[in-house]
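See structure below.
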Amino acid sequence: MPIQRRKFIAAVGGGALASIAGCSGNSTQAQSDGSSSSSSAGVAGETLTLTTTTSTYDTGLLGEIHGDFEEMYGVTVDAVAQGTGAALETARNGDSDVVMVHARGLEDEFMRNGYGINRRDLMFNDFVIVGPESDPAGIQGMSSATEALNAIAEAGAPFVSRGDNSGTHTKELNLWEAAGTDPGGDWYQETGTGMGEALNIANQQGAYTLSDRGTYISQRSEIDLVILVQGPIEDGPEILANPYGIMAVNPGVHENANYDLAMAYIGWITSPGAQDAISNYQMNGEQLFFPEAVSENPDFQQYVPEGWSSNSSSE
Amino acid sequence: MNVPLEPVAQLLPAVVDFPFREGYVRSIIYVSLYVSVVAVTLSTLFSLPIAIVMGFSDFRGKQFVKSIINTGMGFPSVVVGLVVLFAVSNQGPLGSLELIFTKEAMIMSQFVLATPPIMAITLAAITGVSENVRDAAHVLGGTRLDVALVVIKEARYGIATAVLAGFGRAISEVGSVLIVGGNIVSSDGISSTRTLTTAIQLEARQGQYDTAMVLGAVLVTIVLMVNAIVVRLGDEGAMR
């Protein structure tokens, strides 16, 4: 019996060794990847990790324009589409170098906590309230988004919420708050999915939902939902504006953040050339994003959290 | 609600008219296979010796260890993904290796997922080999190693099933590889950490159910082929 036990221990040790060998094999591979990139000059060969929202990714914008940046610097951009809340959380953990999101309140919190620096306004489009053509709550053509939501709530018409802490979800909650209605009940469904999926669910259930215009346009040919309340691009209420911002992860907080490359990326994407590429990106014949980084006039608000002021800067 | 039928009818045209760039589908198949095969291989190398030793010995708490392994078969993959994420995240114990959003991180989570089924089924197969076979090998003058080899040979179908079960779990799993891999494709359309399952998830998120179904068919075909190959190998081994 003692002999057996000794053999057991030896074998378990062997097994553990085999597994460690496997792990270290992986890590040496990763390390050699790292060293091969750092041996080349400048940023060439490095990888930039960008966490972003499903709306910039799923519309195909990033895949379309990133080739130019990668070619210009000889780098790779790993774009991870997560939704605004998750994208910021990943950056907060130091697992990405730059974030491109669309929820100013969450971005401001991210900056105030010291995780994000050098924020720029990047581009915008708008949100629209879409729903079935039959429009059971009668919101078609309303000029107020909050009135429209209240009408949906009063009619108890089905409404699909993203429910995933994304930029669109954040906007939707802000709208309900502005409308003074606490949504809940059978008619209000949280899906916890991306925008495209939420549109499909709304389509199948004949429900209303809040969508960014880009995702709606890119999917319009496959669904029967129509725009019932327009956003500011089509003269709708300003409250439905959908501005995207970009920020570098603070290398003072996360020293492994690839800050040089993040700033190169921010510099590139806010440059006239890349901004033109954004404005030229079309789907189904429509422009999805409107660049706003290049401007003759100063806009200091884009660099700091909303409402931030210091004594020296107050006029 | 005409979603489920339409894609099937359109399957063939969709294959011809794949809305992806050249090399995209091939690269996600490659990533799927690479990650799953490496993870299952490592897991088999790890599980087999343990299962053999456990099958050949009796010790206090053996049943307890067994039930832990069996519980592992039910680990939700998303939870495994979260645990691996915490481990490889910049803040985690392996953060300095910068494994997040890499194939290596995906292999780690697949390893954790594939090991319990491989170990449990291998153990069952080895314990299932009749005592007579062991005794015969022993009586014929076999050393303990010889006996073990005979038992492994007898249990090879069970072990193959174990490996297949682990492979099936790894390649069809979507939750953890999405979390630790990030579903990344480079801008030239070649997959970095996108697997068939996460590609299907992405297509479904965009409401492209047709292409999601086609990719699903590709995945099922691959699993079928791998199963056929492993069963074939087992048969050839028996004829020798």
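Since every read-out is calculated from the coordinates, none of them should be taken as a lab result. Given the structure is predicted, the values throughout are model-derived calculations rather than measurements. In this analysis, Cβ positions are derived from the backbone assuming ideal geometry, glycine residues included, and neighbour counts consider all displayed protein chains.
Roughly what would the spin-label model give for A:GLU64 and B:LEU145, points 7 Å off Cα along C-beta, in nm?
6.5
So for the pair A:ASP235, A:ASP276, with labels modelled 7 Å out along Cα→Cβ, what separation do we get in nm?
3.1
Which net charge results for the neighbourhood of B:VAL180, defined as the other residues with beta-carbon distances under 15 angstrom from its beta-carbon, given Lys and Arg at +1 and Asp and Glu at -1?
Net local charge, B:VAL180 excluded: -4.
Tell me the mean residue ellipticity at 222 nm calculated for chain B from its helices only (DSSP H runs of n ≥ 4, each -39500 (n - 2.57), averaged over every residue, nearest 500).
-24000 deg cm²/dmol
For B:176-184, what's the mean count of beta carbons from other chains sitting within 10 Å of each residue's beta carbon? Mind showing how you got there, number by number?
Numbers: counts 0, 0, 2, 2, 0, 1, 10, 5, 9.
So the per-residue partner count for this stretch is 3.
Tell me which of B:ALA39, B:SER172, B:VAL129 sits at the most positive position along the dipole axis of chain B, charges placed on C-beta atoms (Lys, Arg +1; Asp, Glu -1).
B:VAL129
About the Cα centre of the protein assembly as shown, what is the dipole size in debye to 20, counting +1 per Lys and Arg Cβ and -1 per Asp and Glu Cβ, all else neutral? Walk me through the numbers before you get to the answer.
Working: 27 positive and 58 negative charges, 798 e Å.
Charge dipole, the protein assembly as shown, about its Cα centre: 3840 debye, nearest 20.
Between B:PHE75 and B:MET225, what is the FRET efficiency for a Förster distance of 22 Å, r being their Cβ-Cβ separation, to the nearest 0.05?
It comes to 0.25.
Using the Cβ atoms and a cut-off under 13 Å, what net charge is assigned to the surroundings of A:GLY67, where Lys and Arg are +1 and Asp and Glu are -1?
For residues surrounding A:GLY67, the net value is -4.
Based on the mean of other beta carbon atoms within 10 Å per residue, what is the order of B:99-108, A:81-90, A:286-295, most packed first?
Values: B:99-108: 26.7, A:81-90: 23.8, A:286-295: 17.5.
Output ranking for B:99-108, A:81-90, A:286-295: B:99-108, A:81-90, A:286-295.
Ordered by packing density, taken as the mean number of other Cβ atoms within 10 Å over each peptide's residues, highest first, how do A:225-237, A:162-174 rank?
Peptide ranking by packing, descending: A:162-174, A:225-237.
Within a 10 angstrom radius of each residue's Cβ in B:84-91, how many Cβ atoms of other chains show up on average? Whole number is fine.
3
Which shape class applies to segment A:194-250: rounded if a/c is under 1.5, otherwise prolate when a/b exceeds b/c and oblate if not, where a ≥ b ≥ c are the square roots of the Cα gyration tensor eigenvalues?
oblate
Could you work out the helix-only [θ] at 222 nm for chain A, with each DSSP H run of four or more residues adding -39,500 (n - 2.57) and the total divided by the number of residues, to the nearest 500 deg cm²/dmol? The partial results should precede the final answer.
Numbers: 11 runs with 136 residues, N = 315.
Only helices count here, giving -13500 deg cm²/dmol.
With +1 assigned to the C-beta of every Lys and Arg and -1 to the C-beta of every Asp and Glu, and no other charges, what is the dipole magnitude of segment B:112-240 about the Cα centre in debye, to the nearest 20? Working shown, then result.
On the way: 9 positive and 10 negative charges, 28 e Å.
Magnitude of the dipole: close to 140 debye.
Over the whole of A:72-79, what's the average partner chain Cβ count within 10 Å per residue? Rounded to a whole number, please.
Taking all residues of A:72-79 together, the mean is 3.
Looking at chain A as a GNM with Cα springs under 10 Å, which of A:SER161, A:SER279, A:SER221 has the largest mean-square fluctuation?
A:SER221
What is the magnitude of the charge dipole of segment A:127-240 about its Cα centre, with +1 placed on the Cβ of each Lys and Arg, -1 on the Cβ of each Asp and Glu, and no other charges, expressed in debye to the nearest 20?
Using Cβ point charges on Lys, Arg, Asp and Glu, segment A:127-240 gives about 160 debye.
Under 5 Å between amide H atoms, partner at least 5 residues away or on a different chain: which partners does A:GLY116 have, H built in plane at 1.01 Å?
A:MET111, A:ASN250
What is segment B:17-239 by shape, rounded, prolate or oblate, if you read a ≥ b ≥ c off the alpha carbon gyration tensor as root eigenvalues and call it rounded for a/c under 1.5, prolate for a/b larger than b/c, and oblate otherwise?
Details: a/c = 2.78, a/b = 1.75, b/c = 1.59.
Because a/c hits 1.5 or more and a/b exceeds b/c, segment B:17-239 counts as prolate.
DSSP beta bridges in segment A:127-240, what fraction antiparallel, as a percent rounded to 5?
60
What number comes out for the charge environment of B:PHE111, summing +1 per Lys or Arg and -1 per Asp or Glu over other residues with Cβ under 15 Å away?
0
Quick one: grab the alpha carbon gyration tensor of segment A:127-240, order the square roots of its eigenvalues as a ≥ b ≥ c, and give me rounded if a/c is under 1.5, else prolate or oblate depending on whether a/b is larger than b/c.
Rounded, because the longest to shortest axis ratio a/c is under 1.5.
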